[in-house]
Amino acid sequence: MIPLENYLVLSGILFSLGVYGVLSRRNAVLVLMSVELMLNAVSINFIAFSAYLDVTQITGVIFAIFVVAVAAAEIGLALAIVLRIFRNRSSINIDEAAELKW
Amino acid sequence: MSGFGITVAFWILAALTLASAGGVMASRNLIHAVLFLIVAFLGVSGFFILLSADFLAMAQIIIYVGAISVLILFAIVLTPRAERDNSETSMVLPALLLGTTLAAVLLFVLYDANWNVTNVEPGLSAEVLGSALLSVWVLPFELASVLLTAALVGALMIVRRQEDEEGDSAS
C-alpha cells in the first residue's frame, strides 16, 4: 500500500506548478490550462483523502465529480471570454488587456 | 494486483504526470503545451484508478481528455494571429518564488500532520456512487445541471456577434 503522503506530495507539487503557470504565463489560454492543472491536483487530494481517511469512501469522490462539473463550466465560459478579447484586441496576452487596472 | 505492482505503477504515473505538467510550463510551443496537458490529464486518471475510483477515472478521460482539451485546441486555432511562443509576463520571478514557497510549505505541513488512516481496504462501486449522488447529494447535483446550462447560455451570449458590430469587423 502506498502511503497517503505520496499522493499528497504529488498533488501539492502539481498545484504549485499550476500556481506558477497562472501567475507567469502571458497567453490567456496557458493560464486557463494551468487552472485546470490546479483543479486536477485538488481532485487527486479529494480522492486520496476519500480512499484513506473516510470509512464510507464516498464523500471525496462526490466532491471530485462536482469539481469536474464546475471545471467544465469554467473552461467553457473562460474560453468564450478569451475569444471575445481576441476579437476586440487581436491579442490574448493578459498583460495587455489592462483597461480595468486601476 | 500485488502491492509491488501498485507501487511501481504509482511511481511511473507520478513521473509521467509531473514531467508532462512541467512540459506544459517549459514548452515554447502552445500546441505542444496542450499535448503535454493531455498526457498530464491521463496520468491523473491513472491515479484515480490506483485509488479505486474507476468511475471518476472514466469521467476524467471523457471530460478532460475528450472535451476540455478539444475546447482548448479550438480556442488556440480560433485565435490565429495571437502569439504562440508561450512567453512569460514580468511576474515570472515572483511566481517562481511563490510556487516553490507554496510547495515547500505544503510538503512540510503534510509530513508534519498526523493523518489517521482508517481505511486501507479500497473499493467503491459506481452503483453506490450513483445512488448516493441521487439521494443525499441530489440538491448539489441539480444545481450542477443548472450551472452547466447557465454556463452554456452565457458562453453563447458572450461570443455572439451583435448587430452593431457586424459592419466594422471583417474578421
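Any read-out appearing in this document is the output of simple, stated calculations on the displayed coordinates, not a laboratory observation. Everything numeric in this text was worked out from a predicted model, so none of it was measured. Glycine also receives a Cβ, built like all others from the backbone with ideal geometry; neighbour counts cover every protein chain displayed.
In table form, for the structure just shown:
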item: Descending semi-axes in whole angstrom, ellipsoid equivalent of the protein assembly as shown, from the Cα gyration tensor; result: 35, 23, 16
item: GluC sites (Glu not before Pro), loop per DSSP, at most 16 other Cβ atoms within 10 Å - longest free stretch of chain A; result: A:1-95
item: The stretch B:79-98 versus the stretch A:54-99: alpha-carbon centroid distance in Å; result: 18 Å
item: Amide proton proximity set for A:ARG25, modelled H, under 5 Å, gap of 5+; result: B:THR89
item: Estimated FRET transfer efficiency when R0 is 22 angstrom, pair A:THR59-A:MET1 (beta carbons, to 0.05); result: 0.60
